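Read through the structure below, which is laid out as structure tokens, and then see the notes.
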Amino acid sequence: MLRRQVLRQSRAISESLAASPQIRRRSPFSSATFISPRSSVPASYSSRLGRRWQSTEADKAANADENIAPQTEQTKAPEAKEDPTKQELEKAKKEIIDLKDKYLRSVADYRNLQERTKRETESARQFALQRFATDLLDSIDNLDRALTAVPKEVLGNATTSNTSSSDPNAAAASESMSDANKHLIDLHGGLMMTEGILMSTLKKHGIERFDPLEGEGRKFDPNTDEATFFAKVDGKQDGEVFFTQSKGYKLNGRVLRAAKVGVVKNS
């Protein structure tokens, strides 16, 4: 019985020692170790000490994150404050670029409008008489036909009749002929003067007459001529103008009416 009681007491002591923290001290007088009595430190303080001395790497990482977080928040705070200003500045720059582009476009459109208006005004000034001149060309053509209707022989005889002749019979005959054609010659002279004044007046307003047969003649030009018929003509090449049915007219360099001509076609 005694032995059993001793065993029970030893087990209880060992369990109590295992449950409570023990501090082993070495005696300065012997090499044996002994167990110091239980410390009187409060349990809360001892638990804090245990947590302090038993910290792991995870706790260190958590503390580092806690220390870094305020710093990042502090560094981000100024940036967050500057963001609205930068955004407003960028927005203002974009608006300035847009307004500048619109201004340049408006200036270019206004200048184009000025040039176009100037050209239209000049064109209207230069070609304001186009319709009136076109209606007037028929009258000019009739006047030209009246002048060409008088034979050149009659006019030649009238001019030579005015000269002195040694034969009195010939002089009397020419004088009688000149008296008969006097009115025709006077009419022809008056028409010539009227045509000259009319053409000079038209020239002041930019209207000019041209005849493809003037000078030595020329080739047919589709830009200024209108071929009314074709015919074979000896001594001329194909495409040359050999007859003018009606003369052409230009208004300030623009063809008002093409000349109606006959063109050589031997082939």
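Could you sort the peptides 244-252, 231-239, 212-220, 86-94 by per-residue average Cβ neighbour count (10 Å cutoff), highest mean leading?
My ranking of the peptides, most packed first, is 244-252, 212-220, 231-239, 86-94.
Figure the gain on full extension for Gln114 and Phe127 (residue separation times 0.36 nm, minus the Cα-Cα span) and round it to one decimal in nm.
Contour length minus the Cα-Cα distance gives 2.7 nm.
Taking only protein heavy atoms and a 1.4 Å probe, what accessible area per residue, in Å², does region 208-266 have with all protein chains in place?
That works out to 59 Å² for each residue.
Length gain on complete extension for the stretch Lys182 to Lys86, per 0.36 nm per residue less the alpha carbon to alpha carbon distance?
Here the answer is 24.3 nm.
So if each residue of separation counts as 0.36 nm, and I subtract the Cα-Cα distance between Ser106 and Val6, what length gain in nm does that give?
Going from the current span to full extension adds 24.6 nm.
Below 8 Å, C-alpha to C-alpha, sequence gap of six or more: please give me the relative contact order for region 208-266 in percent.
So the answer I get is 45 percent.
Tally up the carbon and sulfur contribution to the accessible surface of region 208-266 as a whole percent, 1.4 Å probe, everything protein left in place.
Answer for region 208-266: carbon and sulfur cover 45 percent of the accessible area.
Protein chains only, probe 1.4 Å: how do Glu122, Glu195 rank by accessible area, largest first?
Of Glu122, Glu195, the descending order of accessible area is Glu122, Glu195.
At 7 Å along the Cα-to-beta-carbon direction for both Glu195 and Leu99, put a label point, then send me their distance in nm to one decimal.
7.1 nm
Hey, which of these cross-link pairs are over 26 Å Cα-Cα: Lys93/Lys118; Lys204/Lys236; Lys118/Lys247; Lys118/Lys204; Lys152/Lys250?
Beyond 26 Å: Lys93/Lys118; Lys204/Lys236; Lys118/Lys247; Lys152/Lys250.
The values are calculated or read from the model by the stated rules, or taken from the named source; none is laboratory data. Keep in mind the model is a prediction, meaning the values are calculated, not measured. FYI the Cβ positions are ideal-geometry reconstructions off the backbone, even for glycines, and counts take in every protein chain you see. Just the protein is used for accessible areas: all its heavy atoms, side chains included, with ligands, DNA and RNA removed. Shrake-Rupley method; radii C 1.70, N 1.55, O 1.52, S 1.80 Å.
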